[in-house]
Amino acid sequence: MAVNGIPAITLVLLSLTLPIIAHTDYHYRPTSRSFSRPYTSDASPRNQYSGSLNPTHAHMDTRSTSSKQRAHVDDGTIVYPDTPSCAYGLCFNVAGYPKEQIQRILSRSQFMNSYFEVSEEPVIIDNRFNTDEMSLCETKVHTIYPEKANNTQKIERVIVNVEGHKQGIVFETCVDNGKCKFSSNFPTGYTSYCKQKYIHKRLMVLGDNDKFVFDSFEVPSCCVCTVSRSD
Ligand SMILES: *[C@@H]1O[C@H](CO)[C@@H](O)[C@H](O)[C@H]1NC(C)=O
């Protein structure tokens, strides 16, 4: 992970995903280890992700879940609600999203097809820890296919995300921003905390005159255990 401006040691932590605590913004889907892809009708098997690593996956899902289902957390899959929503500045299920206009532009710009992901497949973030390793911060993994977001200049943009032409953002967030595990054993005079990091990501957006252009967006990336001098 890149050097950053924090005046101390920064330990980069990527997920050893532990069972996560339900956050009220999200709904959890129970036992079936399936991933739904709300924008596709593809009925191919979706259980190929039930590997032993069992990372905590999050993704958006337009299906509703009953409160009974929500009550049971098993694989930690986060199901985003089917109403227009924004999470971490990334909005999806946007009312009035210009899907037809985007599809029309795509249909006469075939050369761009190789840029896009075809469908919403949750991307596995490698578990970079062996079984005897663990992360100092608890994290959860999200996959969002944003339809709208503010660019780095704070101008709202419509992001290309239609069936067959997907731009997914996979990121980790801190489950809480409290102290890191084992912080009592850190050197005296240092305070630790789990800190959310962000990156700038380029995404294809709808520009003027029926054209697509790239724009930059600040998106969450990962959660790191950071220490700073407390005196
Ligand atoms: C972009 O920023 C404006 C002003 O802060 C805000 O009202 C709007 O909801 C933001 N749009 C998105 C997609 O987050």
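Here are some notes:
- Pairs where the first residue, in segment 208-222, is touching a residue at least 40 places away in the same chain (Cβ under 8 Å) and the second is of a type in the set (D, E, K, R) and open to solvent by less than 30 Å² (accessible area, probe 1.4 Å), C-beta under 9 Å, 6+ apart: Pro220/Glu172; Ser221/Glu172; Cys222/Glu172
- Residue that is surrounded by the most Cβ atoms within 10 Å (Cβ to Cβ) [pool: residues in segment 193-227 that are hydroxyl-bearing (Ser, Thr, Tyr) and either over 13 Å from Leu136 (Cα atoms) or in contact with a helix residue (DSSP H, G or I) (Cβ under 6 Å, 6 or more places away or on another chain) (or both)]: Ser221
Table: residues versus (1) farther than 24 Å from Arg104 by Cβ; (2) open to solvent by less than 10 Å² (accessible area, probe 1.4 Å); (3) touching a residue at least 60 places away in the same chain (Cβ under 8 Å).
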position: Ile155; (1), (2), (3): no, no, no
position: Glu163; (1), (2), (3): no, no, yes
position: Val170; (1), (2), (3): yes, no, no
position: Thr173; (1), (2), (3): yes, yes, yes
position: Lys179; (1), (2), (3): yes, no, no
position: Thr191; (1), (2), (3): yes, no, no
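- Qualifying residue in segment 171-188 (condition: under 30 Å from Gln103 (Cα atoms) and touching a helix residue (DSSP H, G or I) at 6+ places or on another chain (Cβ under 8 Å)): no
- Any hit, segment 117-128, residues being modelled with pLDDT of 90 or more and away from the ligand (no atom under 16 Å from the Cβ): no
The values are calculated or read from the model by the stated rules, or taken from the named source; none is laboratory data. Remember, it's a predicted structure, so these values are computed and weren't measured experimentally. All Cβ positions, glycine included, derive from the backbone under ideal geometry; neighbour counts span all protein chains shown. Each accessible area value is taken on the protein alone, full model and side chains, heavy atoms only, with ligands, DNA and RNA left out. Shrake-Rupley method; radii C 1.70, N 1.55, O 1.52, S 1.80 Å.
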